[in-house]
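The values are calculated or read from the model by the stated rules, or taken from the named source; none is laboratory data. No experiment lies behind these values; they were computed from the predicted model shown. For neighbour counting, all protein chains shown are included, and Cβ atoms are generated from backbone atoms with ideal geometry for every residue, glycine included.
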Amino acid sequence: MKTYIPQISRRFFQIAFFLLITINHVYSQTLGEAILYSSYDYVGTARMAGVGGAFGALGGDQGAIAINPASLGTYYKSEFIISPMFFGSSSETDFANLTVGSNIAADITFFNMGLVIANKSSSRSKWKTSNFAISHNKLTDFERNIKFQGTSEGSIVQRFAERANGNDLNSLDPFEAGVAYDALALIGPLDGNTYETDIVDGQETMKSQSIRSDGGMSELSLAWAGNYDDKIQLGFSLGIPFLNYSYNKTYSEMAIDEKSRFRALNYLENLTISGSGINFKAGIIAMPVPNLRIGASIASPSNFSLDDEYSTALIYQYIDNQEQSQQGSSESPEGFFSYDFNNPWRSTGSIAYLVKTGEVRGFVSAEIDYLGYTNSSYDLTTESNNPGDFLLQEDLNNQINTQLKNAVNFRAGGELAYDIYRMRAGFQLNGSPYYEDAGRYFSGFSLGAGLRFDKFFFDVAYKNNANQQGYLPFVTKDESSLLLVELTTRNVYIASTLGYMF
């Protein structure tokens, strides 16, 4: 069965083409990156992962502090934890009715490490606790291995010609039109500084691409929370997120018609994005009756300052007028660009109920996230006065406002405890941020177990989820040449947490 992919409007292609002919650098500032930097696949601790992440109204787990800092107020003992984790991602692509699947990427990392310092108040004070925590949490993992292959009309060389048209040789951008001209993929300049290619209208080529990406987002968090009279918990945190994302793309084309002058090409793109930001969170947990917990929290946007480093290269093969095989190649210089990005406001409401039957204890919990994707924004003029960058900034932010919508995520889970043993299960639904994908949700589930001793505890969890999206390897003015690749990604987490209480 063919997967459902959100539609991409005609207006998007018009904007995208306009941007591609007005900027002078290979840019990572796109609608896709805005979503990538805003959609946390936060796992937290193995206990939290085991209940599907639904922990915002509870407490007693360091993973919950990143969702609702008020959960820190539950602690009456200090605690140190460390959470090693295995992450695996498999990708399946569908292009021109040809499916390529089982492209697997894997990573072993520490998703969570933290220290809680618990302070009990005097018996005369209604503030039962005043606790501090410092933790480092991984918010999402960018490890991916993606491939597609298929046959269609058009060529990326047409894009290079569109970027070159209207410019003399000294004005060609060095990362696409420039490398294409130096690699002999463009013919010209002709009258009016126009350029021709070896590709004829309607010509089909075999296309393929491999993308290898890695990195992730993590956050250093400083938090405080207190418990007032076992009725209300209040908490605040300062977060310093770090972003590190890189990819290597190899795009290839090969002629099908043996009489074609064009024979083959390989276009390589390398990009590294790094930076950091700052955000604030505040939360509250109310305990109106002994077994009921109601929580609410809000997280400010993370204001990122980002730096891009990028380069491209092209190898081009063709048949000359003497019917001899020729090859040209070119490499771009190293490019650098600095800018700012703000991801969305995020608010969370949660509820939990504690249960006990004989010697069996436990809880059920549920929560909802509301993400204001339309409040995301780029600022490309922090270190640039290029008019093209200003136009790109305006159009990107317009895309965010018109192509995206605010989204809702839902999580639910529960835990059963008997003696030192713990069993957990959870479920999640993540809403699509695309406006034309309204009502579309992607699901996941989790299972977990744990052991609790006097001073030590150990938890394990399995969690998975999936998402689908459309991917464009390149954009041209001719919409019939656009390549929409359908991409399905499935992520698997195997988490463990070891903790010591003192």
### Query
In region 138-188, which residues are modelled with pLDDT under 95, of a type in the set (D, E, K, R) and touching a strand residue (DSSP E or B) at 6+ places or on another chain (Cβ under 6 Å)?
Lys138, Asp141, Glu143, Arg144, Lys147, Glu153
### Message
I'd like to know if region 291-308 contains one or more residues that are among the basic types (Lys, Arg), out of contact with any Leu (no Cβ under 7 Å at 6 or more places or on another chain) and at negative phi.
### Response
no
### Summary
Log entry, pairs with first residue in region 337-349 being without any contact (Cβ under 8 Å) to a residue 60 or more places away in the chain and over 20 Å from Gly53 (Cα atoms), second being in a loop (DSSP other than H, G, I, E, B) and among the hydroxyl-bearing types (Ser, Thr, Tyr), beta carbons closer than 6 Å, six or more apart or on different chains, reads Asp340/Thr382
### Task
Pick out the one residue from Ser130, Ser213, Ser218, Ser135 that is at pLDDT 90 or above, part of a strand (DSSP E or B) and within 30 Å of Gly328 (Cα to Cα).
Ser213
#### Entry: Single unsatisfied condition, Leu190 versus (1) outside any loop (DSSP other than H, G, I, E, B); (2) surrounded by fewer than 19 Cβ atoms within 10 Å (Cβ to Cβ)
(1)
### Query
Of everything in region 34-68 that's in a loop (DSSP other than H, G, I, E, B) and aliphatic (A, V, I, L, M), which residue is surrounded by the fewest Cβ atoms within 10 Å (Cβ to Cβ)?
Leu58
### Query
When you scan region 354-465 for strands (runs of 3 or more DSSP E) that lie fully inside it, which ones turn up with 3 or more residues that are touching a strand residue (DSSP E or B) at 6+ places or on another chain (Cβ under 8 Å) and among the aliphatic types (A, V, I, L, M)?
360-371, 407-418, 421-431, 441-452
### Message
Here is a check on your reading of the model: is Glu253 assigned to a strand (DSSP E or B), crowded, with 18+ Cβ neighbours inside 10 Å and acidic (Asp, Glu)?
### Response
yes
### Query
Restricting attention to region 399-436, which residues are in contact (Cβ under 8 Å) with a residue 60 or more places away in the chain, surrounded by fewer than 15 Cβ atoms within 10 Å (Cβ to Cβ) and within 29 Å of Leu354 (Cβ to Cβ)?
Asp419
